[in-house]
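See structure below.
The values are calculated or read from the model by the stated rules, or taken from the named source; none is laboratory data. Here the structure is a predicted model, which means the values were calculated and not measured. Using ideal geometry, Cβ is built from the backbone for each residue, glycine included, and neighbour counts are taken over all protein chains shown. SASA here: full protein model, heavy atoms, side chains in, ligands and nucleic acids out. Shrake-Rupley method; radii C 1.70, N 1.55, O 1.52, S 1.80 Å.
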Number of protein chains: 2
Amino acid sequence: MAQVKNKQVLLKHYVSGFPKESDLNIVDSTINLKLPEGSNDTVLVKNLYLSCDPYMRTLMSDPKASINPRAYVPQSPLTGYGVSKVVESGHKDYKEGDIVWGITNWEEYSLIPAAQIHFKIEHTDVPLSYYTGILGMPGMTAYAGFFEVGATKKGENVFVSAASGAVGQLVGQFAKLHGCYVVGSAGSKEKVDLLKNKFGYDEAINYKEEQDLNATLKRHFPEGIDVYFENVGGKTLDAVLLNMRLQGRIPVCGMISQYNLTQPEGVTNLAHIVYKRVRLQGFIVADYYHLYGKFLEFVLPHIREGKVVYVEDIAEGLEKGPEALVGIFSGKNVGKQVLVVARE
Amino acid sequence: MAQVKNKQVLLKHYVSGFPKESDLNIVDSTINLKLPEGSNDTVLVKNLYLSCDPYMRTLMSDPKASINPRAYVPQSPLTGYGVSKVVESGHKDYKEGDIVWGITNWEEYSLIPAAQIHFKIEHTDVPLSYYTGILGMPGMTAYAGFFEVGATKKGENVFVSAASGAVGQLVGQFAKLHGCYVVGSAGSKEKVDLLKNKFGYDEAINYKEEQDLNATLKRHFPEGIDVYFENVGGKTLDAVLLNMRLQGRIPVCGMISQYNLTQPEGVTNLAHIVYKRVRLQGFIVADYYHLYGKFLEFVLPHIREGKVVYVEDIAEGLEKGPEALVGIFSGKNVGKQVLVVARE
């Protein structure tokens, strides 16, 4: 096998504040398209679709000053969720031609430990890119956060922030399927239109135009919020705390508004959780992948029948990676941000 | 029956900021020591011991600007937990001479709905004042918060704030009985001495002398904190969030440091609850009184054998009420603040 060119996206250095495209480097490396001798448990893959996710920002910080104990290695390729095709396998569970999803590197070809593969993809009648979104980590996150951590009951009042994002657009649709009243917030008119007209939210808020989010939430939730699906943190959380209902739950999926701040915003209304007996619970999807089979059984029929839709924002080519990834922190993406490396 | 003098402590007006003795009035009223005709379900009691509790501050604020949806009525007596003796009963469950604990008024004699009585006191071989503390609401709060909400497992690492207070001193002792490592924080040298020498805390912190609480917690909890029993909020919570362990729990009993602030402090480190999957859960003791019988079975033998101790700070006479109540918000009390109205 010949050496082939292998384009990569590297982290140049630890980032503080908002990441910029110049914090990332695109380089041309090479790779031998053959497993090295004795590569048990290693798989050589061709990367097809890469996922741009908010948690990746927490890996760009110096780990000594980060909420995430792990971090990227400067001058090495980023890692993240992706859909890949197996070129050669050193593990019995995978063979050439299999399509898999899991953690891979931001490059054309990767040699990865088989343990980084989350699942072999069995259902290919849906777009493969969906396995970076609705059928991948964000889908499982929405499902686990809404049904398991939030323990949302039919008919409850639900509020979702980053409501048109990779996770939020699904939480809103799951809430409607579950008979809930659901309101979402997002940061542009285009996104607010999507919330109401595409995802079926009952009401939608453009948080960038809100003078008084507390008053707006009171108007939309006269009885209070039973479940707040938390993606953003900061000022939104503070206004929500004033509007939670007795025994309310706040599954905390992420706090994207805080990831780029060198001095995070203060949340001042936490004392409200005492009298309202609110549960605020951080979770990560890794604790819930044992439910993946159950999740697919739930969501695949809805996708096939068009009862659940998924909006993706597609960037073409690894060289668009820095722009696509940096863009999600200013909300440039509309829907799930996907980076196409190759389509097959 | 003659009219008798009935001294009362009234709220003069809604309070903002730290309460002052001058926000309360002591007045001499009168009361007829006989149940009015047709007073079914009402009980006339003589108040013996009144409880000074942090939550009472939340009832002094204008309810429109408070974390507590209820509030005292200006120009009326305060209400609160107390131990009382039944003078005359209009309810079948109580009779003259019974000793009861529950919600009563800050006055010598009260006419109260029987539903405000929480429990008739059966065990009188222990000090009756204990039913405002270790055997009353604070005791149940410590028990429910530590065992139920915190779901603390044997051997876990526990941190307690307001650690010598009415609730905290019990959480520390319950933690030791449960085989935990427990560290407490309090606001004076005298209290820190109590923590180590009286209540058995493994380590004790004087938060008023801490330059860097984060570093101190890291030193005391190299593996992190499994359960933080939250009584204070604000800066302490912020430092704790940096030191929580994976799957840690924070039962939120109260946030006394915030109750008197017109602008609460911001908590900036909430994003740490995501990767560490921390559960922050507000609770109120009212949801747990069904466990009171079980709690007494657990705690009474420990009291009788001297394995659990309880430190009270006793103020004598209703006229000392304003000073005693105001004092708990600056930490003047050492141990549970009790106000004696009459000893029998």
Restricting to the stretch A:1-45, name every residue that is closer than 16 Å to A:GLN75 by Cβ and among the aliphatic types (A, V, I, L, M).
A:VAL9, A:LEU10, A:LEU11, A:VAL15, A:LEU24, A:ILE26, A:VAL27
Output for the stretch B:142-172, where each listed residue is open to solvent by less than 10 Å² (accessible area, probe 1.4 Å) and in a helix (DSSP H, G or I)
B:ALA142, B:ALA144, B:GLY145, B:PHE146, B:VAL149, B:GLY168, B:GLN169, B:LEU170, B:VAL171, B:GLY172
Flag for A:SER39 being modelled with pLDDT under 95 and of a type outside the set (D, E, K, R):
yes
Identity of the residue in the stretch A:82-105, open to solvent by less than 30 Å² (accessible area, probe 1.4 Å) and of a type in the set (Gly, Ala, Ser), that ends up modelled with the lowest pLDDT:
A:GLY90
Residue by residue through the stretch B:281-308, note down the ones that are of a type in the set (A, V, I, L, M, F, W, C) and either on the phi > 0 side of the Ramachandran plot or free of Cβ contacts under 8 Å to residues at least 40 places away in the same chain (or both).
B:ILE284, B:ALA286
Of these, B:ILE67, B:ILE134, which one is within 14 Å of chain A (Cβ to nearest Cβ) and assigned to a loop (DSSP other than H, G, I, E, B)?
B:ILE67
In the stretch B:294-330, how many are open to solvent by less than 30 Å² (accessible area, probe 1.4 Å) and not hydrophobic (A, V, I, L, M, F, W, C)?
5
Restrict the check to the stretch A:22-36 and report whether at least one residue is closer than 30 Å to B:TYR275 by Cα, in a strand (DSSP E or B), among the polar types (S, T, N, Q) and touching a Leu at 6+ places or on another chain (Cβ under 6 Å).
yes
Residue check: is A:GLU122 charged (D, E, K, R), touching a residue at least 12 places away in the same chain (Cβ under 8 Å) and more than 30 Å from A:MET244 (Cα to Cα)?
no
The correct count of residues that are part of a helix (DSSP H, G or I) and in contact with a helix residue (DSSP H, G or I) (Cβ under 8 Å, 6 or more places away or on another chain) in the stretch B:324-342 is 2
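So in the stretch B:206-220, with the set limited to residues that are charged (D, E, K, R) and part of a loop (DSSP other than H, G, I, E, B), which one is farthest from A:ALA65 (Cα to Cα)?
The selected residue is B:GLU210.
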Identify, from the list B:THR58, B:THR79, the residue that is surrounded by 14 or more Cβ atoms within 10 Å (Cβ to Cβ), without any contact (Cβ under 8 Å) to a residue 60 or more places away in the chain and either within 14 Å of chain A (Cβ to nearest Cβ) or closer than 12 Å to B:SER110 by Cα (or both).
B:THR79
Of the residues that sit in the stretch A:106-141 and are over 20 Å from A:ALA166 (Cβ atoms) and open to solvent by less than 30 Å² (accessible area, probe 1.4 Å), which one is nearest to the chain's Cα centre (by Cα)?
A:ILE117
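Condition check ((1) part of a strand (DSSP E or B); (2) within 14 Å of chain B (Cβ to nearest Cβ); (3) open to solvent by less than 30 Å² (accessible area, probe 1.4 Å)) across all residues:
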residue: A:GLY200; (1), (2), (3): no, no, no
residue: A:ALA204; (1), (2), (3): yes, no, yes
residue: A:PRO222; (1), (2), (3): no, no, no
residue: A:VAL227; (1), (2), (3): yes, no, yes
residue: A:LYS235; (1), (2), (3): no, yes, no
residue: A:GLY248; (1), (2), (3): yes, yes, yes
residue: A:PRO251; (1), (2), (3): yes, yes, yes
residue: A:GLU265; (1), (2), (3): no, yes, no
When you look at B:VAL240, is it more than 12 Å from chain A (Cβ to nearest Cβ), at negative phi and in contact (Cβ under 8 Å) with a residue 40 or more places away in the chain, yes or no?
yes
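Looking at the structure I just gave you, is A:VAL45 in a strand (DSSP E or B), open to solvent by less than 70 Å² (accessible area, probe 1.4 Å) and of a type outside the set (S, T, N, Q)?
In short, yes.
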As an exercise: evaluate A:GLY335 against (1) on the phi < 0 side of the Ramachandran plot; (2) in the same structural domain as A:LYS7 (by TED's automatic domain parsing); (3) crowded, with 18+ Cβ neighbours inside 10 Å and give the number of the one condition it does not meet.
(1)
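In the stretch A:269-288, what residues are of a type outside the set (D, E, K, R), open to solvent by 30 Å² or more (accessible area, probe 1.4 Å) and at the interface with chain B (Cβ under 7 Å from one of its Cβ atoms)?
A:TYR275, A:GLN281, A:ILE284 - these are the residues of the stretch A:269-288 that are of a type outside the set (D, E, K, R), open to solvent by 30 Å² or more (accessible area, probe 1.4 Å) and at the interface with chain B (Cβ under 7 Å from one of its Cβ atoms).
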